[in-house]
Amino acid sequence: LTPGEQTGLMFRETVAGKLAVHYYRKHSAASKMRPEHLNLDYIAGCRILHVTGITLAISVSARETVFAAVAAAKKAGVKVSFDPNLRLKLWTIEEARRVVLPLAEQADYFLPGWDELKLLYETDNLDEVKTKLKQLNAVCIVKGVDDTTIVIENGESQVVPFYKADKVVDTVGAGDGFCSGFLTGLLKGMNPVEAVRLGSISGSLVVQMRGDWEALPDWASVDQRLSDKAWVER
């Protein structure tokens, strides 16, 4: 809450069946966040700190706050998860590269999309990109390579197919659904490949309803799909 400042907004517009997203996040109350606003004890008590590139993009002080939060997490032995979430309506790709790539070097889990990596590394050569990712300390989760997710860990890579959606209504929120499932899997003791499968299920369910988060599943819903149990709609 910042007196005198506006609330950040995102508008979704559907025209002729196509979805456009409009951001009003710069100069918002959230963009005024500063490192001194952080609750360092809270961060130290977490198991995973998850940050995204959107916070990095909305202001310099918000960017500084993210880096301070990551530093606090690493000092406390808390794992750091980072989704670059490139939004080029919020900043240029040149500015994003200068910020996103250094933060990826500090992450324990790096969750970029393939299209984002092509922009960040300025190449569409998958082998070249994988070589760069293998130089990071992070477990890298590359989403969207020919309807698969590639898991890169300790120099080795494994391909995990997308979980098929019965229907696609609204693709906005798929990435956040994937991340929530992936992080839940890690917190439940799954290895990264197992957690990716859970994330893929979660993302596939999110795209089957309108809205960014309305279709996020509960544990019973994903567990039935993970274990291939019979799914009863009603």
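The values are calculated or read from the model by the stated rules, or taken from the named source; none is laboratory data. Predicted model only: the values in this text are computed from it and were never measured. With ideal geometry, Cβ positions are generated from the backbone for all residues, glycine too; neighbour counts draw on all protein chains shown. With ligands, DNA and RNA removed, areas are computed over all heavy atoms of the protein, side chains included. Shrake-Rupley method; radii C 1.70, N 1.55, O 1.52, S 1.80 Å.
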Members of segment 122-179 that are farther than 21 Å from Leu198 by Cα and among the hydroxyl-bearing types (Ser, Thr, Tyr): Thr123, Thr131
Selection count, segment 144-158, where residues are among the small types (Gly, Ala, Ser) and in contact (Cβ under 8 Å) with a residue 24 or more places away in the chain: 2
All positions within segment 94-119 that are in contact with a helix residue (DSSP H, G or I) (Cβ under 6 Å, 6 or more places away or on another chain), over 22 Å from Ala68 (Cα atoms) and open to solvent by less than 40 Å² (accessible area, probe 1.4 Å): Leu117
Residue selected from segment 29-87 under the condition hydroxyl-bearing (Ser, Thr, Tyr) and under 19 Å from Arg98 (Cβ atoms), by the criterion surrounded by the fewest Cβ atoms within 10 Å (Cβ to Cβ): Ser61
Unmet criterion (only one of (1) touching a Gly at 6+ places or on another chain (Cβ under 7 Å); (2) over 30 Å from Gly211 (Cβ atoms)) for Pro102: (1)
Residue within segment 123-138 that is among the polar types (S, T, N, Q) and either open to solvent by less than 10 Å² (accessible area, probe 1.4 Å) or closer than 22 Å to Ser180 by Cα (or both) present: yes
Count of segment 1-25 residues which are open to solvent by 70 Å² or more (accessible area, probe 1.4 Å) and either touching a Leu at 6+ places or on another chain (Cβ under 9 Å) or not in a strand (DSSP E or B) (or both): 10
Residue satisfying all of: in segment 3-23; modelled with pLDDT under 85 and hydroxyl-bearing (Ser, Thr, Tyr); farthest from Gly211 (Cα to Cα) among these: Tyr23
Qualifying residue in segment 82-103 (condition: part of a helix (DSSP H, G or I) and under 14 Å from the mean Cα position of the chain (by Cα)): yes
Those helices (runs of 4 or more DSSP H) lying entirely in segment 119-234 with at least 3 residues under 23 Å from Met10 (Cα atoms): 174-187, 192-206
